[in-house]
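Have a look at the structure below, then the notes.
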Amino acid sequence: MPFGRSFRRLVTPPSRSDREIARDVAEEVAFHLEMRTSELRRLGHPPAEAAARARAEFGDETRARRALAAEDLAAEREHRRGRWWEDLRLDVRFAARQLRRAPAFAVVAVLTLALGIGATTAIMSAVRGILLQPLPLRDPDALVRLYSSSPRTSRTALSVADFTDYARETRSFAGLASFYQTTTNLSGQGDPERLQLARVDANWFDLLGVPPLHGRTFRPGEDAEGAPGVAVLAEGFWHRRFGAEPGIVGRRIILDGEAVEVIGVVSDANAFPAGRDLWTTTRYTAGERTDAQRGARWIQAVARLRPEVSLPRANAELAAVARRLEERDPRHNTGFGTRAVPLQESIVGEFERPLLVLLGAVVLVALIACANVAGLLLARTAARETEVAVRVALGAGRGRIVRQLMTESLLLSLAGAVGAFVLALIGTRLLVHFAPAQIPRLDGVRLDGAMFAFTLLLATVTGLAFGLMPALQTASRELQPRLRDGARGAAGHLRGVRLRRLLVVSELALSIMLLAGAGLLLRSFAALRAVDPGFRPEGLSAFTVVIPETKYATLESQRRFTRDALDRLRAIPGVDAAGASFGLPLTGTRFSLTFTIDRREAASAADEPTGQVRVASTDYFRTMGIPVIRGRVFTAEDTYEAPPRVVVSEALVRRYFPNEDPVGKYIETGWGREGRRLGGTIVGIVGDVKQLGLAADAPPAFYAAADQWPTDEITFIVRAATPHEGLVPAFRELVRELDADVPIFDVRTGAQLVAGILAPPRFYLLLLGGFAAVALALGAVGIYGIIAYTVRQRTREIGVRMALGASSGRIVRMVVGEGLLMAAMGIAIGLLGAFALSGALRDLLFNVGARDGATFAAVSLLLALVAIAACAVPARMAARVSPQRALRGD
């Protein structure tokens with residue numbers, strides 16, 4: 001019999017087949033003809049004539065049979081449908097009544113399912129919102145991000161000159177636009193505020209397909225050098241700062257001391273880059289487009305593919321243009337290329353692996369939950385075998401029994417779905433709230449109708465999965481043995497124990513896989529926390545200001561602001577030291593410049609030394625706790641009038657001065673201001689400071705004296721005994737006294753710097769560790785359940801053993817040994833699975849191998865200890881069995 005037909009007979013009431021209906025119709029027609037023929041014969045017609053006349057009166061016999069068969073079939077279907085729904089209603093009522101009679105079982109099963117399905121739904125909502133949901137832009141699949149590549153890195157920024165050439169010489173794109181992200185001071189509108197700003201080309205919003213909510217977006221020419229300043233506001237900023245005032249369009253606001261006209265407002269939901277308060281135009285200068293500035297790579301670019309152009313074809317064209325640029329300017333472009341990647345990948349690519357790992361982990365939790373509930377159902381159906389046998393004896397068919405048991409399973413799963421959706425709603429909100437700020441597109445993570453449908457579908461599938469096996473097993477039992485077993489009061493005996501053991505072993509195997517992953521992340525996180533960031537974060541407080549060039553156009557005015565601020569900081573009670581710099585460690589600042597050593601030019605740009613640029617005041621290194629390795633750091637004598645001096649990091653010395661003393665060497669960059677280039681004589685070497693993260697190597701860096709090379713963006717750092725919260729008002733007040741139009745921002749402590757960089761691995765660890773803990777608990781419950789059930793079923797055997805002289809210790813060892821045997825099997829299978837899947841975690845680990853033997857051994861020992869603990873209570877029950885009572889009960 002085909003599987004589909006046999007399965008259908010399990011879930012639908014028996015009914016007449018098409019052949020049976022046709023046979024009945026044929027018999028009915030024959031009976032009608034026979035009766036009419038008999039009647040005609042009684043009226044005196046000969047037999048042959050009576051039969052012929054009866055057929056003639058009846059008409060087309062074939063057509064009549066078809067009509068009657070169709071009518072019968074429709075009636076049969078209607079009857080079957082009504083009977084099916086009636087049976088289903090009765091099954092649901094009976095299942096609900098049965099579950100009410102076993103509230104403990106129902107509550108445990110529903111909570112287990114709600115936990116597994118709810119966690120899966122919450123993580124799936126994150127994966128959907130971050131990875132799978134298309135970008136809210138016009139035809140987002142056609143949008144790509146352009147990256148420059150070099151022998152040192154695969155993804156870096158472009159120069160203005162190179163971008164101009166790519167825009168002019170490529171034909172694969174319907175449009176290209178450049179952008180860069182920065183900040184700006186808003187003043188003249190109450191308290192000054194530092195805003196997140198994106199400077200973009202005039203075709204930016206047209207390229208992305210972002211329409212304005214109010215007003216308009218940029219027009220051609222508004223990004224030209226010298227064009228009047230215009231701005232487009234983000235909807236959220238418009239609401240927060242201006243109260244959604246409709247008249248904002250056409251008004252002027254002051255940004256960095258310059259009047260800028262607001263021309264429109266765009267929605268936060270479909271704006272890029274995300275998190276910006278406003279957008280202004282780029283307005284590159286003619287000098288920035290020259291060949292001399294090709295080495296200054298600092299802008300980003302987005303392009304839209306033409307409909308007929310594929311991504312490989314576009315990258316091939318970009319490679320061809322890159323080769324021409326290398327021939328045109330070998331000094332700056334040798335070894336450099338440009339490639340396009342999908343825009344969505346550029347936004348979420350680095351988070352794809354962690355999120356998929358978490359999704360895989362939560363699927364394992366859901367499987368463990370299903371196995372756990374399946375084990376509960378096996379135990380419950382084993383206890384109900386006498387009931388099932390009686391129902392079979394009274395005429396219930398195998399399909400009817402299966403459907404009844406499946407109805408109970410589905411009722412449990414649907415109740416679990418309701419609880420799962422509530423837990424998923426709470427879990428999703430907590431997930432978004434506690435997720436690190438580095439994870440993009442969190443605003444798209446939410447539960448909606450689609451996720452509710454996903455939860456319902458998942459619950460239905462899991463209900464079928466964990467309910468079908470016990471139902472089929474129960475329905476397949478022979479009638480007489482079950483009635484005999486029930487008469488002796490030992491319904492089912494040990495039937496189904498093997499299957500339950502298999503389920504428990506599966507739970508433990510999945511648990512060990514999750515524990516191994518959590519253990520690896522824990523060791524990795526511990527290794528990250530042990531990394532020396534290169535400075536002492538304890539007691540540090542920092543804030544940043546940007547002084548507008550319209551007011552502080554000269555180096556002397558910038559020096560004066562920095563000096564005055566440092567003097568006031570040192571005067572704050574409780575402050576032990578104060579310093580100033582450009583940028584903070586661990587913030588990912590990537591301002592790097594190439595330089596020459598003793599004015600010797602490199603053969604090509606690929607050979608030029610490169611270092612991260614930093615600026616440091618006299619007390620900066622002491623304030624930060626950065627060790628001085630050799631020479632000296634800046635002093636009060638390193639003024640603007642003195643010869644230029646620089647301090648270099650150990651990483652720079654290792655890379656560019658491997659076998660020589662760098663002190664006394666002269667390095668110089670191409671960045672010039674007021675007739676002087678950034679650089680100077682090396683006077684000291686300081687320790688490396690982590691910049692791009694604790695797991696990344698410290699980059700080569702050099703520091704210029706703040707008095708010799710002041711900047712308009714200044715980060716002030718203090719080391720103080722006073723708590724950070726008590727210092728912040730003093731910071732705001734002293735800057736207000738220096739310039740009421742300059743806000744402070746990025747206020748944080750040294751501990752917050754380290755915590756921020758540790759936030760993503762801590763987040764992944766907590767989630768995976770939580771899933772592993774749930775899996776371990778479910779595994780322990782599974783072991784306890786099967787051992788306790790076995791002890792109850794083997795009470796007579798245990799009594800016999802004890803009557804024959806077995807000690808309590810031997811009984812305990814027997815029971816615990818059974819649990820440890822299942823644990824050993826689960827550990828062995830789980831370790832094989834963990835070994836096979838460990839590669840998925842490789843990119844998330846630091847200083848620990850993906851197949852670390854110590855971690856695998858530790859989690860195996862943990863699971864074994866949990867198994868022993870889970871067996872302890874059933875073992876004590878077994879040891880206390882009274883032989884007399886056990887034998888008398890038999």
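The values are calculated or read from the model by the stated rules, or taken from the named source; none is laboratory data. Just so you know, these numbers come straight off a predicted model, no measurement behind them. Glycine gets a Cβ as well: all are built from the backbone with ideal geometry, and neighbour counts include every protein chain shown. Accessible surface is based on the protein model in full, side chains and every heavy atom, while ligands, DNA and RNA are left aside. Shrake-Rupley method; radii C 1.70, N 1.55, O 1.52, S 1.80 Å.
Any idea which residue in segment 400-437 is farthest from residue 449 (Cα to Cα), counting only those that are outside any helix (DSSP H, G or I) and at pLDDT 90 or above? Filtering first and then ranking leaves 436.
Within segment 243-253, the set of residues being within 25 Å of residue 552 (Cα to Cα) and buried (at least 18 other Cβ atoms within 10 Å of the Cβ) comprises just one member, 253.
Considering each residue of segment 567-599, count those that are open to solvent by 50 Å² or more (accessible area, probe 1.4 Å) and either modelled with pLDDT of 90 or more or of a type outside the set (S, T, N, Q) (or both), and give that number. Total satisfying the criteria: 10. Of everything in segment 766-790 that is over 21 Å from residue 855 (Cβ atoms) and β-branched (Val, Ile, Thr), the residue that is surrounded by the most Cβ atoms within 10 Å (Cβ to Cβ) is 783. Looking across segment 254-297, just one residue is of a type in the set (Lys, Arg) and in a strand (DSSP E or B), and that is 297. Residues in segment 284-320 that are closer than 27 Å to residue 271 by Cβ and open to solvent by 70 Å² or more (accessible area, probe 1.4 Å) were compared, and the one that is nearest to the chain's Cα centre (by Cα) is 298. Of the numbered criteria (1) touching a Leu at 6+ places or on another chain (Cβ under 7 Å); (2) of a type outside the set (Asp, Glu); (3) assigned to a helix (DSSP H, G or I), the one residue 770 fails is (1). In the condition set (1) open to solvent by less than 10 Å² (accessible area, probe 1.4 Å); (2) free of Cβ contacts under 8 Å to residues at least 40 places away in the same chain; (3) not aromatic (Phe, Trp, Tyr), residue 235 is compliant with all but (1). Within segment 793-823, the set of residues being open to solvent by 40 Å² or more (accessible area, probe 1.4 Å) and without any contact (Cβ under 8 Å) to a residue 24 or more places away in the chain comprises 797, 801, 804, 805, 807, 810, 813, 821. Scanning segment 132-180 for residues that are over 24 Å from residue 197 (Cβ atoms), aliphatic (A, V, I, L, M) and in contact (Cβ under 8 Å) with a residue 24 or more places away in the chain turns up 142, 174.
The rows are residues; the columns are (1) open to solvent by 50 Å² or more (accessible area, probe 1.4 Å); (2) part of a strand (DSSP E or B); (3) in contact with a Phe, Trp or Tyr (Cβ under 9 Å, 6 or more places away or on another chain).
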residue	(1), (2), (3)
96	no, no, no
110	no, no, no
118	no, no, yes
126	no, no, no
130	no, no, yes
138	yes, no, no
180	no, yes, yes
197	no, yes, yes
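Of everything in segment 522-572 that is of a type in the set (Ser, Thr, Tyr), outside any loop (DSSP other than H, G, I, E, B) and touching a residue at least 24 places away in the same chain (Cβ under 8 Å), the residue that is farthest from residue 773 (Cα to Cα) is 562. Listed by position, the helices (runs of 4 or more DSSP H) enclosed by segment 797-890 that each have at least 2 residues that are within 28 Å of the chain's Cα centre (by Cα) are 808-837, 853-879.
Close Cβ contacts (under 8 Å, 6 or more residues apart or on different chains) running from residues in segment 649-664 that are of a type in the set (Asp, Glu) to residues that are surrounded by fewer than 16 Cβ atoms within 10 Å (Cβ to Cβ) comprise 650/629.
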